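Have a look at the structure below before the remarks.
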Amino acid sequence: MSLAAAALQLGTESAFGVLARAGELERGGRDVVHLEIGQPDFPTPAHISEAAFASIRAGETGYCPSPGIPDLREAAAEELARTRGVPIFAGRVIVANGAKPFLFFGVLATCEPGDEVIYPDPGFPIYESAIRFAGATPVPLVLREEADFAFSVDELAARLSPRTKLVIVNSPQNPTGGVLARSTLAEAADVLRDSEAWVLSDEVYWRLLYDGEFASIAAEPGMLERTIVLDSFSKTYAMTGWRCGYAAVPEPLVEPLTRFLVNSTSCVPPFVQRGGIAALTGPQDAVEVMRAEFHARRDLVVAGLNALPGVSCRMPHGAFYAFPNVEAVPLAADALADGLLEEAGVALLTGTAFGAAGENHLRVSYAASRERLAEGLERTGAFLSALA
């Protein structure tokens, strides 16, 4: 018996592999500092959970419309319109089991073998995985460290071709924490308007911004009609396990994306969606508390990393990741990440897990307490000192 060739095209997220290995070490009695997984260490705000409990008690445990219950689609449309500054209507909002279905199905709905997709490198690994699964050609657009991990608009223009069907933009970024300036997005929009490419704008970290202001490429003239604007409850509201995301999509993509949901998950559980409504329409105090704490953790981690021998780290402006450069360390980044886990009990990721342009970098998630972050920095410092 053999496997389908298409199944072998799928990539994965190394964070889950590192998390599994860390778990093995912990079961063997080791203490591990977890800096690998992008998961807030805060509880879901109570009013969100209570809304879901109330929904279950009311018997909302059956099927519901595949693109989402009307109340959540309306609430998400209002939130997207208010925060992105563009008119978005509920009929163009779809709800899915997290953000990933939009990445995967967005590629499948727009691309065929022979098409090309431009995506950020380093970038979330599921981008390239979905592109390859669809049989399309991944075309990396390098995020330059010297430009605070922005891309060059000239390089974007050079990569566009008649075969380009989709361009993926991510800001704030995973894994770098970089944030694209409004001027960069405006220049990119000027280039993209002359193409036939759809755009997928991954904006799931937009509320976790520490410097400057958030900008969406969908707000640029003429871009909303070709852009999938992707958001999620996972990071902003500490709801990673709830698996609920939403997107505003161009009218021609509403029906195809809904069909993918019908054929895969049927629907997001209605009680989960009730929690989503409470998240969007209820008090936002908990979000600001989390954002302020991540801000403090960012400052602690970046200062700590820059104090380590052979390490330099630019200040990330959003999300909860740092992307330190370890080129001056006398050990390749992949081996360094392995050594830190196996010998020092510090779980983090190598930059190449996010693309070739991540070479000589590590990704550090500061979605852990300040005490654990300090412990991880201390262990890393001791490991690096031993190398010297």
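The values are calculated or read from the model by the stated rules, or taken from the named source; none is laboratory data. None of these values were measured; they are calculated from a predicted model. Cβ placement follows ideal geometry from the backbone for every residue including glycine, while neighbour counts extend to all protein chains displayed. Quick note on the areas: whole protein, heavy atoms, side chains included, nothing else; ligands and nucleic acids left out. Shrake-Rupley method; radii C 1.70, N 1.55, O 1.52, S 1.80 Å.
Residues that are part of a loop (DSSP other than H, G, I, E, B), out of contact with any strand residue (DSSP E or B) (no Cβ under 8 Å at 6 or more places or on another chain) and open to solvent by 40 Å² or more (accessible area, probe 1.4 Å) within the range 328-373 comprise PRO330, LEU331, ALA332, GLU359, listed in sequence order.
Only residues that are touching a residue at least 40 places away in the same chain (Cβ under 8 Å) and under 28 Å from SER234 (Cα atoms) were counted across the range 304-314, and they come to 3. Here ASP41 fulfils each of the conditions (1) under 19 Å from VAL268 (Cβ atoms); (2) touching a residue at least 24 places away in the same chain (Cβ under 8 Å); (3) not basic (Lys, Arg) apart from (1).
On the basis of being more than 17 Å from the chain's Cα centre (by Cα) and among the aliphatic types (A, V, I, L, M), does VAL364 make the cut? Against the criterion (more than 17 Å from the chain's Cα centre (by Cα) and among the aliphatic types (A, V, I, L, M)), VAL364 does not qualify.
Scanning the range 238-249 for residues that are aromatic (Phe, Trp, Tyr) and open to solvent by 10 Å² or more (accessible area, probe 1.4 Å) gives a single hit, TRP242. Quick check on ARG259: is it surrounded by 17 or more Cβ atoms within 10 Å (Cβ to Cβ) and more than 22 Å from the chain's Cα centre (by Cα)? It is false that ARG259 is surrounded by 17 or more Cβ atoms within 10 Å (Cβ to Cβ) and more than 22 Å from the chain's Cα centre (by Cα). The listed residues are GLU225, GLU213, GLU288, and the only one of them that is under 23 Å from the mean Cα position of the chain (by Cα), at pLDDT below 95 and surrounded by fewer than 22 Cβ atoms within 10 Å (Cβ to Cβ) turns out to be GLU213. Within the option set ALA215, ALA238, ALA189, being in contact (Cβ under 8 Å) with a residue 12 or more places away in the chain, aliphatic (A, V, I, L, M), over 19 Å from PRO67 (Cβ atoms) and in a helix (DSSP H, G or I) holds for one residue only, ALA189.
Looking across the range 338-374, the residues that are over 20 Å from HIS317 (Cβ atoms), without any contact (Cβ under 8 Å) to a residue 60 or more places away in the chain and of a type in the set (A, V, I, L, M, F, W, C) come down to LEU340, ALA344. ILE48 meets the conditions (1) within 22 Å of THR240 (Cβ to Cβ); (2) open to solvent by 80 Å² or more (accessible area, probe 1.4 Å); (3) at pLDDT 95 or above in every case but one. The failed one is (2).
Scanning the range 102-118 for residues that are out of contact with any Lys or Arg (no Cβ under 7 Å at 6 or more places or on another chain) and open to solvent by less than 20 Å² (accessible area, probe 1.4 Å) gives PHE102, LEU103, GLY106, VAL107.
A single entry from SER183, SER161 fulfils the requirement of being among the small types (Gly, Ala, Ser) and part of a helix (DSSP H, G or I): SER183.
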